[in-house]
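Derivation of every value follows stated rules applied to the coordinates shown; laboratory data play no part. Please read all numbers here as calculations on a predicted model, not as lab measurements. Neighbour counts are summed over all protein chains in view; Cβ atoms, including those assigned to glycine, are modelled from backbone coordinates with ideal geometry.
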Ligand code: NI
Ligand code: MN
């Protein structure tokens with residue numbers, strides 16, 4: 001399995017059976033994105049919530065790739081109303097797809113589409129494939145139930161925001177990683193805009209001081225999991 005980082009909260013997972021799963025593909029409006037929307041492929045697009053910096057280029061990618069959306073019910077209904085395929089899920093529920101399992105978690109944030117449509121609760125998502133559990137927290141503040149999430153499903157890779165202002169900042173993100181106790185923490189949602197400037201290496205240093213292994217991904221970097 002491979003994990004590729006496109007900056008902000010945008011990642012692509014490629015599973016052992018060749019399925020490509022995009023999470024929160026914010027590319028064309030993203031000054032830090034290393035690729036254009038027409039340079040990425042997706043069998044599935046998972047959205048953690050509907051804010052523009054997460055919905056991003058999902059529709060244009062789905063137009064080209066025929067992608068299936070996976071999101072919470074209200075956002076899935078919005079996606080379907082736009083004419084796309086979606087699998088409706090909700091927080092606490094998991095489902096087995098042809099690449100692995102997807103489970104949604106809580107996230108403390110908001111969710112409204114760029115055209116001001118209510119899109120249900122924001123979420124985090126755990127993608128389980130090829131024997132690994134990847135927890136993308138979505139946009140969220142720190143919450144103690146992250147401990148429960150890590151206890152119920154040992155997390156191999158935790159992708160978590162550090163940019164502050166809209167989400168956890170560095171110190172809260174370090175605590176989030178301590179609570180969840182992943183094998184590796186990967187920071188996201190930083191340096192995209194002036195209000196979310198944060199040094200990922202400061203996060204790495206502080207997380208590692210607490211015994212959490214941390215990896216900072218370059219924009220465009222792809223790693224084997
Ligand atoms: Ni957001
Ligand atoms: Mn965001």
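State, to one decimal in nm, how far the label point of residue 165 lies from the label point of residue 64, with both points 7 Å from Cα in the Cβ direction.
2.8 nm
Could you calculate the FRET efficiency of residue 82 with residue 36 from 1/(1 + (r/R0)^6), where r is the beta carbon distance between them and R0 is 22 Å, rounded to 0.05?
On the way: r = 21 Å, r/R0 = 0.97.
For residue 82 and residue 36, the calculated efficiency is 0.55.
Residue 101 to residue 215: extension gain in nm, 0.36 nm per residue of separation minus the Cα-Cα distance? Before the final figure, lay out each step's value.
Working: separation 114, 0.36 × 114 = 41.04 nm, distance 2.40 nm.
Here the segment from residue 101 to residue 215 would lengthen by 38.6 nm.
What shape does the stretch 120-225 take by its C-alpha gyration tensor, where a ≥ b ≥ c are the square roots of the eigenvalues and a/c under 1.5 counts as rounded, a/b above b/c as prolate, and the rest as oblate? Mind showing how you got there, number by number?
Working: a/c = 1.35, a/b = 1.22, b/c = 1.10.
Verdict is rounded for the stretch 120-225.
Between residue 2 and residue 115, what length in nm is gained on full extension when 0.36 nm per residue of separation is reduced by their alpha carbon distance? Write down the numbers at each step before the final one.
Numbers: separation 113, 0.36 × 113 = 40.68 nm, distance 3.35 nm.
The residue 2-residue 115 span can extend by a further 37.3 nm.
Quick check: the angle from helix 170-180's long axis to the longest principal axis of the chain, C-alpha only, nearest 10 degrees?
Value to nearest ten degrees: 80.
With each pseudo-label sitting 7 Å past Cα toward Cβ, what's the residue 205-residue 145 distance in nm, one decimal?
It works out to 3.5 nm between the two label points.
Using just the helices of the chain, give the 222 nm mean residue ellipticity in deg cm²/dmol: DSSP H runs with n ≥ 4 each add -39,500 (n - 2.57), and the total is spread over all residues, rounded to 500.
Result for the chain, helices only: -6000 deg cm²/dmol.
Using alpha-carbon pairs under 8 Å, 6+ residues apart, how would you state the relative contact order of the chain in percent?
Relative contact order for the chain comes out at 18 percent.
Please sort 217-223, 70-76 by packing, taking for each peptide the average over its residues of neighbouring beta carbons within 10 angstrom, highest first. Spell out each step's value before the answer.
On the way: 217-223: 14.1, 70-76: 23.6.
By packing density, highest mean first, the sequence is 70-76, 217-223.
What is the packing order of peptides 130-143, 94-107, taking the mean over residues of other C-beta atoms within 10 Å and listing the highest first?
By packing density, highest mean first, the sequence is 130-143, 94-107.
Measure of size requested: the Rg and Dmax of the stretch 2-213, with Cα atoms as the atom set and Å as the unit; please supply both.
Radius of gyration, then largest Cα-Cα span, for the stretch 2-213: 15.7, 48 Å.
Expressed as an acute angle from 0 to 90° and rounded to the nearest 10, what is the orientation of the C-alpha long axis of helix 200-209 relative to the principal long axis of the chain?
So the inclination is approximately 50 degrees.
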